[in-house]
1. Picking from Leu35, Leu27, Leu71, which residue would you name as being in contact with an Asp or Glu (Cβ under 8 Å, 6 or more places away or on another chain) and part of a helix (DSSP H, G or I)?
2. Looking at Leu13, Leu7, which is the one that is assigned to a loop (DSSP other than H, G, I, E, B), within 20 Å of Glu156 (Cβ to Cβ) and either of a type in the set (Gly, Ala, Ser) or modelled with pLDDT of 95 or more (or both)?
3. Ile57 passes all but one of (1) free of Cβ contacts under 8 Å to residues at least 60 places away in the same chain; (2) out of contact with any Ser or Thr (no Cβ under 6 Å at 6 or more places or on another chain); (3) over 25 Å from Lys213 (Cβ atoms); which number fails?
4. Could you list all residues from the stretch 118-172 that are surrounded by fewer than 13 Cβ atoms within 10 Å (Cβ to Cβ), touching a Pro at 6+ places or on another chain (Cβ under 9 Å) and not charged (D, E, K, R)?
5. Are there helices (runs of 4 or more DSSP H) fully within the stretch 116-226 with at least 3 residues that are among the charged types (D, E, K, R) and more than 15 Å from Leu87 (Cβ to Cβ)? List them.
6. Among the residues of the stretch 190-205, what is the count of those that are charged (D, E, K, R) and either touching a helix residue (DSSP H, G or I) at 6+ places or on another chain (Cβ under 6 Å) or farther than 28 Å from Ile124 by Cα (or both)?
7. Out of (1) among the polar types (S, T, N, Q); (2) surrounded by 22 or more Cβ atoms within 10 Å (Cβ to Cβ); (3) more than 12 Å from the chain's Cα centre (by Cα), what's the single condition that is false for Ser82?
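The values are calculated or read from the model by the stated rules, or taken from the named source; none is laboratory data. What you see is a predicted model; the values in this text were computed from it and never measured. No Cβ is skipped: glycine too gets one built from the backbone with ideal geometry, and neighbour counts run over all protein chains shown.
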Amino acid sequence: MSQKLRLSPQSSLIDIGAGAGWPGLYLSSLSGCSLTLVDLPETGLKLAADRSIQDKISERVTTIVADAAELPFEDQSFDALSHSDLLCCLFSKEKVLTECRRIIREQGKMVFSVIYITPGLNKIDYERAVLNSPDFIQADPEYETMLRKSGWHIDEQIDLSKDYQETCRLQIEADDLHQEELIKLLGEKQALDRMGNWISKLEVIESGLVKRKLFVCFPNNSLPFP
């Protein structure tokens with residue numbers, strides 16, 4: 001992401017749906033860029049602020065509670081924009097992409113990852129994919145169409161499905177290794193449900209029903225803001 005966004009100490013990066021600060025804090029540590037973290041749950045942003053102090057980068061990190069579909073920034077405020085698996089957890093996907101287009105500078109870039117359902121599935125496989133994925137994984141129209149409609153040009157698409165599969169596998173191994181601690185922390189039912197959910201996710205990924213992709217985009221300056 002850092003390379004694709006061409007981040008440097010002179011760059012201003014906004015990470016939307018930032019949670020507790022990953023990957024924004026890492027990207028800022030790596031590049032020296034200024035960083036704005038945006039999310040609705042304040043709890044995660046407080047963790048991110050604490051982490052920025054630990055990482056000794058708090059002087060260039062700002063946290064803001066805001067809705068991704070109604071960002072409180074002026075037009076063309078940032079050089080670079082990132083979000084990680086955000087759109088598959090939101091209903092207003094196109095509105096968020098339009099807001100992202102509004103706040104990016106003319107020469108800026110957006111890089112984001114997203115989990116999505118493989119096109120062309122039969123009804124049974126589609127329903128299985130939906131059941132074992134983030135709540136709002138359905139995308140209609142597909143992301144390529146949404147990006148064009150919201151004023152973005154797609155520069156590159158990178159398939160991360162194998163990495164996503166490996167991440168799920170490692171998570172299952174970790175939960176299994178620490179099963180007793182998880183049960184103490186979460187309670188038996190919640191811990192076992194969590195482990196079962198990861199197994200189900202892995203199965204649909206291994207079956208090719210769900211994929212993960214990295215989009216690299218820049219604003220289509222030949223078009224006005226949508």
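1. Step by step, each of Leu35, Leu27, Leu71 is checked, and only Leu27 is in contact with an Asp or Glu (Cβ under 8 Å, 6 or more places away or on another chain) and part of a helix (DSSP H, G or I).
2. Sole residue among the options that is assigned to a loop (DSSP other than H, G, I, E, B), within 20 Å of Glu156 (Cβ to Cβ) and either of a type in the set (Gly, Ala, Ser) or modelled with pLDDT of 95 or more (or both): Leu7.
3. The one condition Ile57 does not meet is (2).
4. None; the set is empty.
5. Filter on the stretch 116-226 gives 123-131, 161-177, 179-186, 188-206.
6. 1
7. It fails just one condition, (3).
To keep it simple, each residue is scored yes or no on (1) of a type in the set (Asp, Glu); (2) buried (at least 17 other Cβ atoms within 10 Å of the Cβ); (3) closer than 25 Å to Cys89 by Cα.
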position	(1), (2), (3)
Leu5	no, yes, yes
Ser8	no, no, no
Gly17	no, yes, yes
Ser34	no, yes, no
Leu40	no, no, yes
Gly44	no, yes, yes
